[in-house]
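**Student:** After the structure tokens below, expect a handful of questions from me.
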Amino acid sequence: MKTQIGIIGAGPAGLLLARILQMNGIESVILERRSRDYVLARLRAGVLEQGTVDTLRAYGVNERLDRDGMPHEQTTFYWNERRHVIVIADEAGRRLTTYGQNRIVEDLITLREADGLPILFEAQVEALDGLTDRPAITYVQDGARKTLECDFIAGCDGYLGVSRRYIPDADAHSYLHEFPFSWFGILAEAPPKPEKRGFAHHVRGLAVASARSPRQSRLYLQVDPDFEIDSMSDDQIWDELDLRLTDETGTPLNRGPITEKSVARLRAFVCERMQHGKLAIAGDAAHIVPPSGAKGLNLAVGDVRLLAEAIGRHLRGDDDLLSRYSELALQRIWPTVHWSCLMSEALHVFPGQTGFDTRRQHMTLDHWINSETGSRRFREAMLGLPYAV
Ligand code: FAS
């Protein structure tokens, strides 16, 4: 099989890249190791920066987003049993929007299939060749080894994907930080209360209350890295969430059946080598952020906007932007990783944390909540950095 762009991974990065290329007249084939059902069932992110919403609108991926996306114009901190609100919407009308990653993925797959364009599911990529002249992807599907020849390869295959391995000295230019805790996430059929959405900084650990739709709540508890997913009953989960999210109103969360549970270790990772010859990586293949800042998906959007433009110019014989892809992408990646780590350091309880450490966390939260410069810094970081293109 031959195409112009071989894309590895049908997550948000790979699917959106394919969509942007298609709208610029560039054909691609997406190779995805998992089944279609598995990809659609993965929950993950849910908070979209304005730039992400604008990008999805620009490429016609907004019909359900405009109908079901929930405005998210403030962040609430629950701390010392009180609510503290920071307005995020800014004078230019920028704000956050809550709309599940799984729905964006479904919207992109639906559009691509309606256009009759190829996504090969259960196609496990095993090797990349010819990265400096005639790129080729070897993959296994239905037990047969096959080859996709292309002009360029985009590695959108996530943190555990194969593509990063084909970038020489990637490891020597990679930086990893593991946090000493995980997030225990639940999805519940319980209407989220607008007055109960935000982050709790509590002596027992962080809690997060967010929405996925008007009928579904997405909630997280900080847990130890070795937390057993079935170690808490549903009632114990709800009681712990209400305890950590306590505020002066005493309002409890709406409760309902828990339909999904997951545990994710918190880590931050950046690979500063995001390209080699006719291969470039984007999204989680190049970087991981702790979900505290709700940035992973939004960073992937910035990468693929830049990569799509660079590929388009490359195919027209102009390699200037492509030669600067890593450099330009990192100008957005590192500040966002730093912000996500600041949020993680301010909100979680660390092993061996002292009263001194806790008071310093309180100073950070107080700065964001009560000082003009702190609130502006918080607002700009949450709304997201401008794109390179
Ligand atoms: P993805 O990992 O989504 O997609 C990569 C794709 O490549 C996968 O479908 C995989 O199957 C495929 N693949 C891998 N190897 C392959 C191979 N050899 N051959 C073919 N295909 C291959 N971000 C937020 O902003 N907010 C959140 O609340 C949040 N919560 C998260 C919770 C969890 C449990 C996890 C794991 C992540 C969370 N994230 C969150 C981050 C997440 O949303 C990522 O940033 C986002 O999925 C990035 O998208 P991709 O780069 O496309 O990578």
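**Student:** Pull up the range 22-58, narrow it to residues that are of a type in the set (S, T, N, Q) and in contact with a strand residue (DSSP E or B) (Cβ under 9 Å, 6 or more places away or on another chain), then point me to the one that is nearest to Thr97 (Cα to Cα).
**Tutor:** By that ranking, first place goes to Gln50.
**Student:** Taking the range 269-287 as the search range and keeping residues that are in contact with a helix residue (DSSP H, G or I) (Cβ under 7 Å, 6 or more places away or on another chain) and in a strand (DSSP E or B), which one is farthest from the ligand (Cβ to nearest atom)?
**Tutor:** The extreme case among them is His276.
**Student:** Quick check on my filter: what residues within the range 209-219 are surrounded by 21 or more Cβ atoms within 10 Å (Cβ to Cβ) and free of Cβ contacts under 8 Å to residues at least 40 places away in the same chain?
**Tutor:** Listed by number, the residues that qualify are Ser217, Leu219.
**Student:** Go through (1) among the aromatic types (Phe, Trp, Tyr); (2) closer than 30 Å to Arg305 by Cα; (3) part of a loop (DSSP other than H, G, I, E, B) for Phe179 and report which single condition fails.
**Tutor:** (3)
**Student:** Now, a different point. Could you tell me how many of the residues in the range 340-352 are loosely packed, with under 13 Cβ neighbours inside 10 Å and free of Cβ contacts under 8 Å to residues at least 60 places away in the same chain?
**Tutor:** 1
**Student:** Within 15 Å of the ligand (Cβ to nearest atom), open to solvent by 50 Å² or more (accessible area, probe 1.4 Å), assigned by TED's automatic domain parsing to the domain that holds Ile311 and at pLDDT 95 or above: which single residue out of Arg57, Arg33, Arg64, Arg44 fits that description?
**Tutor:** Result: Arg33 is the single residue among Arg57, Arg33, Arg64, Arg44 that is within 15 Å of the ligand (Cβ to nearest atom), open to solvent by 50 Å² or more (accessible area, probe 1.4 Å), assigned by TED's automatic domain parsing to the domain that holds Ile311 and at pLDDT 95 or above.
**Student:** Scan the range 82-106 for residues that are closer than 24 Å to Ala346 by Cβ, surrounded by 13 or more Cβ atoms within 10 Å (Cβ to Cβ) and of a type in the set (D, E, K, R) and jot them down.
**Tutor:** Arg83, Asp90, Arg94, Arg95
**Student:** Does Arg33 qualify as being within 19 Å of the chain's Cα centre (by Cα), assigned to a loop (DSSP other than H, G, I, E, B) and of a type in the set (D, E, K, R)?
**Tutor:** So Arg33 does not fit the description; no.
**Student:** How about the range 228-248: which of its residues are touching an Asp or Glu at 6+ places or on another chain (Cβ under 7 Å) and surrounded by fewer than 17 Cβ atoms within 10 Å (Cβ to Cβ)?
**Tutor:** Glu248
**Student:** Oh, and also: Within 14 Å of the ligand (Cβ to nearest atom), touching a residue at least 60 places away in the same chain (Cβ under 8 Å) and closer than 29 Å to Leu206 by Cβ, is that true of Leu266?
**Tutor:** Yes, satisfied.
**Student:** Could you say whether any residue in the range 366-373 is outside any helix (DSSP H, G or I) and in contact with a Cys (Cβ under 6 Å, 6 or more places away or on another chain)?
**Tutor:** No, the range 366-373 contains no residue that is outside any helix (DSSP H, G or I) and in contact with a Cys (Cβ under 6 Å, 6 or more places away or on another chain).
**Student:** Looking at the range 145-175 only, could you name the residues that are part of a strand (DSSP E or B) and either within 12 Å of the ligand (Cβ to nearest atom) or open to solvent by less than 40 Å² (accessible area, probe 1.4 Å) (or both)?
**Tutor:** Listed by number, the residues that qualify are Leu148, Phe152, Ile153, Ala154, Gly155, Ser174.
**Student:** Then there's this: Would you confirm whether any residue within the range 268-283 is open to solvent by 50 Å² or more (accessible area, probe 1.4 Å), of a type outside the set (D, E, K, R) and outside the structural domain of Pro135 (by TED's automatic domain parsing)?
**Tutor:** no
**Student:** If you check Leu56 against the conditions, is it within 29 Å of Ser262 (Cβ to Cβ) and in contact with a Lys or Arg (Cβ under 8 Å, 6 or more places away or on another chain)?
**Tutor:** no
**Student:** Inside the range 205-222, can you point out the residues that are assigned to a strand (DSSP E or B) and either out of contact with any Phe, Trp or Tyr (no Cβ under 6 Å at 6 or more places or on another chain) or within 13 Å of the ligand (Cβ to nearest atom) (or both)?
**Tutor:** Ala207, Val208, Ala209, Ser210, Ala211, Arg212, Ser213, Gln216, Ser217, Arg218, Leu219, Tyr220
**Student:** Determine the pairs where a residue that is charged (D, E, K, R), located within the range 365-389, has a partner that is surrounded by fewer than 14 Cβ atoms within 10 Å (Cβ to Cβ) and assigned to a helix (DSSP H, G or I) with Cβ atoms under 6 Å apart, the partner being 6 or more residues away or on another chain.
**Tutor:** Here the result reads none, with nothing in the range 365-389 linked to a residue that is surrounded by fewer than 14 Cβ atoms within 10 Å (Cβ to Cβ) and assigned to a helix (DSSP H, G or I).
**Student:** Looking for something in contact (Cβ under 8 Å) with a residue 60 or more places away in the chain, in a helix (DSSP H, G or I) and within 22 Å of the chain's Cα centre (by Cα) - is there at least one such residue anywhere in the range 85-99?
**Tutor:** No, the range 85-99 has no match at all.
Yes/no matrix, rows are residues, columns are (1) within 15 Å of the ligand (Cβ to nearest atom); (2) basic (Lys, Arg); (3) touching a residue at least 40 places away in the same chain (Cβ under 8 Å):
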site	(1), (2), (3)
Arg316	no, yes, no
Leu328	no, no, yes
Ile333	yes, no, yes
Thr336	yes, no, yes
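**Student:** Which pairs do you get when a residue that is polar (S, T, N, Q), found in the range 3-32, comes within reach of a residue that is assigned to a helix (DSSP H, G or I), reach meaning Cβ atoms under 6 angstrom, with the pair 6+ apart or on two chains?
**Tutor:** Asn24/Gly312; Ser28/Ala18; Ser28/Leu21
The values are calculated or read from the model by the stated rules, or taken from the named source; none is laboratory data. Given the structure is predicted, the values throughout are model-derived calculations rather than measurements. Because the Cβ atoms are built from the backbone with ideal geometry, glycine has one as well, and the counts that use them run over all protein chains shown. Heavy atoms of the whole protein, side chains included, go into the accessibility calculation; ligands, DNA and RNA do not. Shrake-Rupley method; radii C 1.70, N 1.55, O 1.52, S 1.80 Å.
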